[in-house]
Amino acid sequence: MSRRYAYRCATPRSSLTSIKELATCIDRLRIAQWQLLHELGPMASTPLPAEPHANAISANELAALVEAARALQRTAGAGATQRLLRGKQYGLLTGIGVAEGDDAALFDRAAAELGAQVAHIRPGLTELSSVQDLQQTAHMLGRLYDVVVCEGMAPSLVERLRVEAGVPVYDRITSPNHPIAKAAELLGPAAAVQDNRRFVLQALLLLKATM
């Protein structure tokens, strides 16, 4: 390959102290990712979908998440976290019989630190729910929330919600076994594992909010 694209943003290592700087960082990451995918053509991995449900993540996607998470990590370290998701509403859906635990708390904190609000919902849906019940629930969720996050729900049910909701629907993104957790490992040991996972979640939410 004749050309090289840098994923590292031209921002100071101390901190990102404004919304504009972090937005510029995210924009550069997205442009670099697009350029790589354009040059590689059919050899490239599929870009991160607007409604992520695949169980794989490409090297390009991983690089974008890691770089944005590092920017957030530096900002938090300097005590300059910005409320970049102010006004955003997230719905956290939990399956029947599933207890909310540390993963739900992690998402709550990740979203709240950036100014978003999280509603905890138990929709009472199962794979046996009628089409009408599922459609009504999905449409209501789409009207109330910018993003829906599902925990402990059957993948087929999550997919049906995704089709009907009209907003991004995430499946188990807070789980340490989700592919995006790899980005947290790449942030290094400077911070606690839970902190790194939180920065990656925030990076994902911010990247999606700019699309």
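The values are calculated or read from the model by the stated rules, or taken from the named source; none is laboratory data. Note that the structure is a prediction, hence the values are computed from the model and not measured. Note: ideal-geometry Cβ built from the backbone for every residue, glycine included; neighbour counts use all protein chains shown.
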List the pairs whose first member sits in the stretch 196-209 and is β-branched (Val, Ile, Thr), whose second member is outside any helix (DSSP H, G or I), and whose Cβ atoms are under 6 Å apart, counting only residues at least 6 apart or on separate chains?
-> VAL200/ILE180
Which pairs have Cβ atoms under 6 Å, sit 6 or more apart or on different chains, and link a residue in the stretch 116-129 that is at negative phi to one that is surrounded by 13 or more Cβ atoms within 10 Å (Cβ to Cβ) and among the small types (Gly, Ala, Ser)?
-> VAL118/ALA111; ALA119/GLY91; ILE121/GLY91; GLU127/ALA154
Which pairs do you get when a residue that is under 16 Å from ALA76 (Cα atoms), found in the stretch 97-113, comes within reach of a residue that is in a loop (DSSP other than H, G, I, E, B), reach meaning Cβ atoms under 7 angstrom, with the pair 6+ apart or on two chains?
-> LEU106/THR174; ALA111/LEU85; GLU113/THR81
Tally of residues being of a type outside the set (Asp, Glu), surrounded by fewer than 24 Cβ atoms within 10 Å (Cβ to Cβ) and in a helix (DSSP H, G or I) across the stretch 188-203 = 3
Quick one: is GLU113 farther than 21 Å from GLN194 by Cβ, out of contact with any strand residue (DSSP E or B) (no Cβ under 8 Å at 6 or more places or on another chain) and not β-branched (Val, Ile, Thr)?
-> no
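A quick yes/no check of all residues on (1) out of contact with any Lys or Arg (no Cβ under 7 Å at 6 or more places or on another chain); (2) assigned by TED's automatic domain parsing to the domain that holds GLN73:
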position: SER129; (1), (2): yes, no
position: ALA138; (1), (2): yes, no
position: ASP146; (1), (2): no, no
position: ALA192; (1), (2): yes, yes
position: LEU201; (1), (2): yes, yes
What about SER156, is it of a type in the set (Ser, Thr, Tyr), farther than 19 Å from TYR90 by Cα and either crowded, with 18+ Cβ neighbours inside 10 Å or free of Cβ contacts under 8 Å to residues at least 12 places away in the same chain (or both)?
-> no
Restricting attention to the stretch 145-164, does a residue exist that is among the polar types (S, T, N, Q) and within 20 Å of GLN73 (Cα to Cα)?
-> no
Looking at the stretch 162-187, which of its residues are aliphatic (A, V, I, L, M), part of a helix (DSSP H, G or I) and free of Cβ contacts under 8 Å to residues at least 40 places away in the same chain?
-> VAL163, ALA165, ALA181
